[in-house]
1. Each label point is 7 Å from the Cα along the Cα-to-Cβ direction; what then is the distance between the points at residue 14 and residue 139, in nm?
2. Along its principal axes, what span do the Cα atoms of segment 94-171 show, with the longest given first and each in whole Å?
3. Per residue and in Å³, how big is the convex hull formed by the alpha-carbon atoms of segment 127-219?
4. Please give the length that would be gained between residue 160 and residue 229 if that part of the chain were fully extended, namely 0.36 nm times their separation in residues minus their C-alpha to C-alpha distance (nm, one decimal).
5. Mind ordering 56-66, 157-167 by average Cβ neighbours within 10 Å, highest first?
6. Between residue 242 and residue 109, how high is the FRET efficiency from 1/(1 + (r/R0)^6) when r is the Cβ-Cβ distance and R₀ = 30 Å? Nearest 0.05.
7. Between residue 257 and residue 66, what is the FRET efficiency for a Förster distance of 22 Å, r being their Cβ-Cβ separation, to the nearest 0.05?
8. Over its Cα atoms, what ratio of radius of gyration to 2.2 N^0.38 Å does the chain give?
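What follows is calculated from the coordinates using simple rules that are stated; it is not laboratory data. Values in this document were obtained by computation on a predicted structure and should not be read as measured data. Every residue, glycine as well, gets a Cβ built from its backbone with ideal geometry; the counts of neighbours run over all protein chains shown.
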């Protein structure tokens with residue numbers, strides 16, 4: 001069995017930036033165990049799998065160790081593969097996922113995710129959080145992830161988390177954020193419990209970052225940087241109970257995966 005495969009760098013304006021995602025268009029769903037093995041073999045923060053239906057695309061995402069219920073960069077990468085590689089002719093694409101209906105639309109030279117807003121609420125900081133991050137944030141909130149707010153971008157940049165301690169926290173991951181210098185805000189995202197020690201660029205984290213910074217800065221259109229080693233740029237909008245997360249994407253490689261038998 002041969003499966004088309006694309007590696008797309010999402011939220012990237014240059015080839016070696018952004019967050020790499022594997023994208024596998026499928027004619028039919030393979031067993032979950034096979035999808036997980038493919039994601040582990042690819043060893044990227046996420047591999048996306050989608051099939052085609054009448055007017056929409058069922059979509060799933062896997063880290064090297066688990067299936068996740070929401071992933072921004074691999075959704076952007078899947079849309080890029082459809083538009084740039086598979087010649088999808090519409091101006092937008094609809095995905096059906098574990099988080100419900102998601103869409104990606106063309107906005108000039110950007111693709112914009114239409115995702116649910118996930119506002120974080122104030123939360124007492126667990127003792128392990130400051131210990132794991134190596135410094136205490138000025139504020140702590142939580143939605144799916146802990147949101148650790150710092151005063152400066154330099155503090156976020158200098159973080160060297162203890163991944164073992166982060167795994168003790170009751171959350172998928174930890175978002176560290178602060179005001180930016182040449183952006184409205186910066187962030188980093190750590191999710192060792194999901195097999196991703198540090199994610200290069202994290203669309204789903206911005207479901208919480210956008211409402212937080214929109215309220216704090218008093219604006220609904222924001223420009224963000226994720227200051228991982230690879231780095232990424234995100235063009236953000238707060239749209240009521242939804243958020244728009246825009247970015248560029250670049251195809252890094254095209255090929256095929258050869259899966260034995262029936263994918264077992």
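1. 3.3
2. On the principal axes, segment 94-171 reaches 41, 27, 23 Å in Cα extent.
3. Details: hull volume 8.5 nm³, N = 93.
Value for segment 127-219: 91 Å³ per residue.
4. Working: separation 69, 0.36 × 69 = 24.84 nm, distance 1.23 nm.
My answer for the length gained is 23.6 nm.
5. Details: 56-66: 20.3, 157-167: 14.7.
By packing density, highest mean first, the sequence is 56-66, 157-167.
6. Working: r = 22 Å, r/R0 = 0.73.
Computed FRET efficiency for residue 242 and residue 109: 0.85.
7. Values: r = 20 Å, r/R0 = 0.91.
About 0.65, to the nearest 0.05.
8. Numbers: Rg = 17.8 Å, N = 264, 2.2 N^0.38 = 18.3 Å.
Scaled against compact globular proteins, the figure is 0.97.
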